[in-house]
1. Report, ordered by the first and then the second residue, all pairs with beta carbons closer than 6 Å, sequence separation of six or more or different chains, a first member in segment 48-68 that is within 17 Å of GLY24 (Cα to Cα), and a second member that is modelled with pLDDT under 80 and assigned to a helix (DSSP H, G or I).
2. What number of residues within segment 81-101 satisfy the criterion of being over 15 Å from ALA65 (Cα atoms) and either among the β-branched types (Val, Ile, Thr) or surrounded by 14 or more Cβ atoms within 10 Å (Cβ to Cβ) (or both)?
3. Confirm whether ASP75 is acidic (Asp, Glu) and more than 23 Å from the chain's Cα centre (by Cα).
4. Where the second residue is aromatic (Phe, Trp, Tyr) and part of a helix (DSSP H, G or I) and the first is within 22 Å of ALA63 (Cβ to Cβ) and lies in segment 20-40, which pairs have Cβ atoms under 9 Å and are six or more apart or on separate chains?
5. Provide a single number: the residues in segment 23-74 that are part of a loop (DSSP other than H, G, I, E, B) and of a type outside the set (Gly, Ala, Ser).
6. So, in segment 49-79, how many residues would count as being surrounded by 14 or more Cβ atoms within 10 Å (Cβ to Cβ) and among the aromatic types (Phe, Trp, Tyr)?
7. Tell me, yes or no, whether segment 28-46 has at least one residue that is modelled with pLDDT under 80, loosely packed, with under 10 Cβ neighbours inside 10 Å and of a type in the set (Gly, Ala, Ser).
8. Is there a residue being in a loop (DSSP other than H, G, I, E, B), surrounded by 10 or more Cβ atoms within 10 Å (Cβ to Cβ) and at pLDDT below 85 anywhere in segment 102-122?
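The values are calculated or read from the model by the stated rules, or taken from the named source; none is laboratory data. What you are looking at is a predicted structure, and each value in this text was computed from that prediction instead of being measured. Using ideal geometry, Cβ is built from the backbone for each residue, glycine included, and neighbour counts are taken over all protein chains shown.
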Amino acid sequence: MTKRWITERGGLDSKLVALGSQLGAAVALLPFYTLDASNRAVTNWGSGGVWAAMAGLGLLCTAFAYILYFRLIADVGPVKSLTVTFLIPPFGVLWGALFLGEQLSIAHAVGGALIGLAVWCVVKPAPVVVPVRT
């Protein structure tokens, strides 16, 4: 359905679809935030580093990723676009190792190889079937 809306039904821009997704999520979460904020004591909103990290996560890791994702749906189709979700666990492990000093094990390598195999199975070109004439 998303591919139809982006490409066939008026050709919505991927930036516009990403903005709508982000705004929709913010509106959907707003009642839960207000309920939680009204039932707690005053919260410490953190330092400038916390706000910079939140802005980085929100703008780079979410908004920009949605723009790329919806562009992928329009260009290569929804099935191949969903393969990017396979890559979330390996990148989570990578960021944990790089920024948090977490230890890597052989299980991480095996899991990453299995994920790589799954992505390859989804994105590999389909075999060309030549019809047999009888």
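1. TYR66/ALA18; ILE67/SER14; ILE67/LYS15; ILE67/ALA18
2. 4
3. The answer is no for ASP75.
4. Close Cβ pairs (under 9 Å, with a partner that is aromatic (Phe, Trp, Tyr) and part of a helix (DSSP H, G or I)) amount to SER21/TYR66; SER21/PHE70; GLN22/TYR66.
5. 6
6. Adding up the residues that qualify gives 3.
7. yes
8. no
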